[in-house]
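Have a look at the structure below, then the notes.
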Amino acid sequence: MMEYRGRHYRTVWWEDGALKMIDQTLLPFTFTVAVSSSCRDTARHIRRMTVRGAPAIGAAGAYGMVQAFMEGKPEEGETALRATRPTARDLFAGIDRVKKAAGEASPRDRASAALAAAEEFAAHSAEECRLIGEQGAPLIGDGSTVLTHCNAGWLACVDWGTALAPVYRAHREGKRIFVLVDETRPRCQGGKLTAWELSGEGIPHAVIPDTAAGFYMRRGKVDMVITGADRIAFNGDTANKIGTLQVAVCAQRFGIPFYIAAPWATFDPECTSGSEIPIEERDPEEVTRMAGRDETGRLVSVRVCNPDSRAENPAFDVTPAELVTGYITPAGVITAADIPRVVPR
Ligand code: MRU
C-alpha cells in the first residue's frame with residue numbers, strides 16, 4: 001500500500017457521495033485532492049489529466065459511470081466518458097463493468113449496484129497491481145539499475161503501480177535498486193510524478209532526458225527496462241506513453257531485457273494487433289509550453305518552442321511484440337504467444 005506523509009492514499013476513491021482524486025497536474029509541487037460531484041466534471045478531470053495512467057483512468061471512468069446513473073443520464077454520461085481518452089483500454093473496461101452491473105439491477109437499485117461494481121473494480125485493480133509487484137520483483141537482481149518511462153507507479157493506478165510495483169516490492173525486500181527515470185516529455189510524468197513517488201519511497205534514482213536512454217544503455221548502465229501499458233493487443237503489440245518505442249528499440253540493440261507490466265484490463269481481445277489501437281492526439285500546447293515552479297514558488301507555464309512553429313502531440317506509440325521480453329501480469333511473467341491463452345476474457 002502506498003503512503004503519503006504516513007497516510008495511505010488511493011489515487012482515486014469514492015467518499016461522501018463524490019469522487020476524489022489526487023490532483024496529478026499539481027504534483028510534485030503541491031499535494032491537493034480534487035473533488036468531482038458530477039459525471040461531466042469527472043470526464044473533464046480525466047481529459048485534463050487530473051487523474052491519469054491507465055488503471056487510474058479505468059477506476060475514474062467506473063466512478064464516473066456511477067455518477068451518470070445517479071444523475072439519471074447514463075447514455076449521456078457514457079458518451080462523455082468514452083470521449084475523454086481513447087487509448088487506455090482500462091477506461092472502457094471500467095465503464096463497461098459498471099454499465100453491466102447497473103443493467104442487471106432493478107431500476108430502484110441501479111445506482112447502488114453501479115457504485116458497488118465501481119468499488120469492486122477499483123479494489124480488484126489495486127489487488128492486481130499488488131500481484132504484479134509480487135510476480136515482477138524476482139526479475140530484479142540486487143544491485144540492479146532499472147530504466148522506466150513515464151509514470152507507471154501508484155499514481156497511475158488505484159494503488160501500487162504496474163512498472164514500479166516490482167521495484168517497490170524488491171526494494172521492500174531489501175534489494176538495492178537504482179532507477180533511471182525518463183523525464184517523459186511533453187508532460188514530464190517521469191520527472192514530476194515517478195521521481196516524486198520514488199523520493200517518497202526512499203529509492204535512489206536520477207531523472208534523465210528522454211534522449212539519454214541510449215547513452216546509458218550503451219555504457220552498460222541499464223540492467224533492465226520496465227514500463228507500463230495503456231493497451232496491449234492480443235499479438236502483444238503494446239501502446240504506451242510516447243517515447244516507449246524508442247526505448248524498446250534501444251534496449252534490443254544493446255541486449256537489455258524490456259518488460260511491460262500490466263493488469264488484465266489493459267489487454268484488449270478486440271485488438272488483434274497494434275495497428276488497431278487508437279492513438280490519442282493531445283493539444284500541441286503541451287509541446288510548445290512547459291509548466292513548473294519558479295524560484296518564488298509560483299506555478300508557471302512558459303513557452304519553450306519557436307512561437308511561429310506548429311507542433312504535433314501524439315500521446316502514445318506502439319511497441320511491436322518482438323521487442324518485448326515479457327509481460328509482467330498478476331499471474332506471472334508471460335510472452336506474447338501466451339496472451340490469447342492466459343488473458344481472461
Ligand atoms: O498520458 P498518461 O500519463 O495517462 O500515460 C500514462 C502511461 O503511458 C502509463 O505508462 C500507462 O498508463 C501505464 S500506467 C500504470
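Nothing in this text is a laboratory measurement; each read-out follows from the coordinates by a stated rule. A quick note: this is a predicted structure, and the numbers were derived from the prediction, not measured. Cβ placement follows ideal geometry from the backbone for every residue including glycine, while neighbour counts extend to all protein chains displayed.
Does Ala102 satisfy being more than 22 Å from Ile242 (Cα to Cα) and either surrounded by 24 or more Cβ atoms within 10 Å (Cβ to Cβ) or among the acidic types (Asp, Glu) (or both)? Answer is yes for this residue.
Among the residues making up the range 116-169, those that are away from the ligand (no atom under 16 Å from the Cβ) and either touching a Phe, Trp or Tyr at 6+ places or on another chain (Cβ under 9 Å) or within 24 Å of Thr184 (Cα to Cα) (or both) are Ala118, Glu119, Ala137, Leu139, Ile140, Gly143, Ser144, Thr145.
Apart from one condition, Val249 fits all of (1) surrounded by fewer than 19 Cβ atoms within 10 Å (Cβ to Cβ); (2) assigned to a strand (DSSP E or B); the exception is (2). Residues of the range 283-307 that are more than 15 Å from Phe29 (Cβ to Cβ) and touching a residue at least 40 places away in the same chain (Cβ under 8 Å): Glu286, Val287. Of the listed requirements (1) within 15 Å of Val179 (Cα to Cα); (2) surrounded by 18 or more Cβ atoms within 10 Å (Cβ to Cβ); (3) away from the ligand (no atom under 16 Å from the Cβ), Phe234 misses just one: (1). A search for C-beta distances below 7 Å between a residue of the range 308-337 that is without any contact (Cβ under 8 Å) to a residue 40 or more places away in the chain and any residue that is assigned to a strand (DSSP E or B) and surrounded by 17 or more Cβ atoms within 10 Å (Cβ to Cβ), counting only pairs 6+ apart in sequence or on different chains, returns Ile334/Gly326; Ile334/Tyr327.
Annotation: Gly72 fulfils all but one of (1) crowded, with 22+ Cβ neighbours inside 10 Å; (2) on the phi > 0 side of the Ramachandran plot; the unmet one is (1). Of all the criteria given as (1) in contact (Cβ under 8 Å) with a residue 60 or more places away in the chain; (2) part of a loop (DSSP other than H, G, I, E, B); (3) of a type outside the set (D, E, K, R), the one not satisfied by Gly58 is (2).
Out of everything in the range 28-41 that is surrounded by fewer than 24 Cβ atoms within 10 Å (Cβ to Cβ), more than 16 Å from the ligand (Cβ to nearest atom) and of a type outside the set (Ser, Thr, Tyr), what residue ends up being nearest to Trp196 (Cα to Cα)? Filtering the range 28-41 for residues that are surrounded by fewer than 24 Cβ atoms within 10 Å (Cβ to Cβ), more than 16 Å from the ligand (Cβ to nearest atom) and of a type outside the set (Ser, Thr, Tyr), the one nearest to Trp196 (Cα to Cα) comes out as Phe29.
The set of residues in the range 170-194 that are free of Cβ contacts under 8 Å to residues at least 40 places away in the same chain, within 15 Å of the ligand (Cβ to nearest atom) and of a type in the set (A, V, I, L, M) comprises Val179, Val181. Can you spot a residue in the range 222-230 that is of a type in the set (S, T, N, Q) and either buried (at least 24 other Cβ atoms within 10 Å of the Cβ) or within 14 Å of the ligand (Cβ to nearest atom) (or both)? Within the range 222-230, one or more residues are of a type in the set (S, T, N, Q) and either buried (at least 24 other Cβ atoms within 10 Å of the Cβ) or within 14 Å of the ligand (Cβ to nearest atom) (or both).
On the given criteria, is Glu78 among the acidic types (Asp, Glu) and crowded, with 17+ Cβ neighbours inside 10 Å? Yes; evaluated as a whole, the condition is true for this residue. For Ala291, the criteria (1) away from the ligand (no atom under 13 Å from the Cβ); (2) crowded, with 16+ Cβ neighbours inside 10 Å; (3) among the hydrophobic types (A, V, I, L, M, F, W, C); (4) not in a loop (DSSP other than H, G, I, E, B) hold in every case but one, which is (2). Residues of the range 42-84 that are small (Gly, Ala, Ser) and within 12 Å of the ligand (Cβ to nearest atom): Gly53, Ala54, Ala56, Gly58, Ala59, Ala60. Under 24 Å from Ile22 (Cα atoms), in contact with an Asp or Glu (Cβ under 8 Å, 6 or more places away or on another chain) and within 16 Å of the ligand (Cβ to nearest atom), is that true of Glu197? So Glu197 fails the test.
Pairs linking a residue in the range 71-98 that is among the hydroxyl-bearing types (Ser, Thr, Tyr) to a residue that is crowded, with 18+ Cβ neighbours inside 10 Å and not in a helix (DSSP H, G or I), with Cβ atoms under 7 Å and 6 or more positions apart or on different chains, are Thr87/Asp230; Thr87/Arg231; Thr87/Ala239; Thr87/Ile277; Thr87/Ala315; Thr87/Phe316. Consider the range 65-88 and keep the residues that are assigned to a helix (DSSP H, G or I) and under 18 Å from the mean Cα position of the chain (by Cα). The one that is farthest from Ala113 (Cα to Cα) is Arg82. With respect to (1) surrounded by fewer than 19 Cβ atoms within 10 Å (Cβ to Cβ); (2) out of contact with any Asp or Glu (no Cβ under 6 Å at 6 or more places or on another chain); (3) on the phi < 0 side of the Ramachandran plot, the lone exception for Pro86 is condition (2).
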